[in-house]
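See below for the structure under consideration.
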Amino acid sequence: MRVARKKLAAFSLVEVTVGLGIVGTCVAALFSGFTTGFFTLRMARENLRATQILLQKTETLRLLSWDQLTGTNALPTVFAERYDPNAATDKGITYNGTIAVTTCPISSSYSNEMKMVVIAVNWKTGSMDRNRSYTTYVSRYGLQNYIY
């Protein structure tokens with residue numbers, strides 16, 4: 001009677017193997033979820049920083065007069081920003097950007113008084129090339145004349 005009870009009370013090798021397979025699958029799924037979540041969070045932070053850089057450069061445009069905007073030296077065409085400019089040692093990712101001021105593609109009599117500005121930012125997330133761009137229009141008799 002005791003021997004029969006011991007046989008029924010233990011796990012068989014097949015049951016242990018199936019149980020370890022299920023636990024292993026759950027652990028692998030958990031680590032995969034963590035990895036995906038951290039990568040998604042990293043990309044969101046980098047994307048937010050790129051948006052902040054685009055906004056910063058766009059706000060600089062608001063403060064320029066028409067002569068400064070159309071001049072050659074007032075607005076840099078190439079720039080580089082860091083992910084964390086206040087960090088002491090490791091400043092992280094470098095965002096490389098361009099600012100292009102071109103003629104307005106709208107065909108009207110007013111198009112000579114307008115410029116199209118394209119601000120683009122490029123950076124790398126691991127081995128992935130990423131970019132954001134922003135296009136806006138500036139007119140000669142627009143908002144900047146109210147500042148001065």
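In terms of accessible area, using a 1.4 Å probe and ignoring ligands and nucleic acids, Tyr110, Tyr95 rank largest first as Tyr110, Tyr95. The figure for Glu59 is an accessible area of roughly 80 square angstrom, using a 1.4 Å probe on the protein chains alone. Full extension of the chain segment joining Phe39 with Glu15 gains 5.0 nm, where the gain is 0.36 nm per residue of separation less the Cα-Cα distance.
Across the stretch 100-116, the residues whose backbone nitrogen lies under 13 Å from the label position 7 Å along the beta-carbon direction of Ser133 are 100-102. Solvent-accessible surface (1.4 Å probe) assigned to Lys124 amounts to roughly 110 Å². Percent of C-alpha pairs per 10 Å bin in the stretch 33-86, short distances first: 20, 36, 25, 13, 6, 1. Rolling a 1.4 Å probe over the protein chains gives Leu30 an accessible area of about 90 Å².
The values are calculated or read from the model by the stated rules, or taken from the named source; none is laboratory data. What you see is a predicted model; the values in this text were computed from it and never measured. In this analysis, Cβ positions are derived from the backbone assuming ideal geometry, glycine residues included, and neighbour counts consider all displayed protein chains. Calculation scope for accessible area: heavy atoms of the full protein, side chains included, ligands and nucleic acids excluded. Shrake-Rupley method; radii C 1.70, N 1.55, O 1.52, S 1.80 Å.
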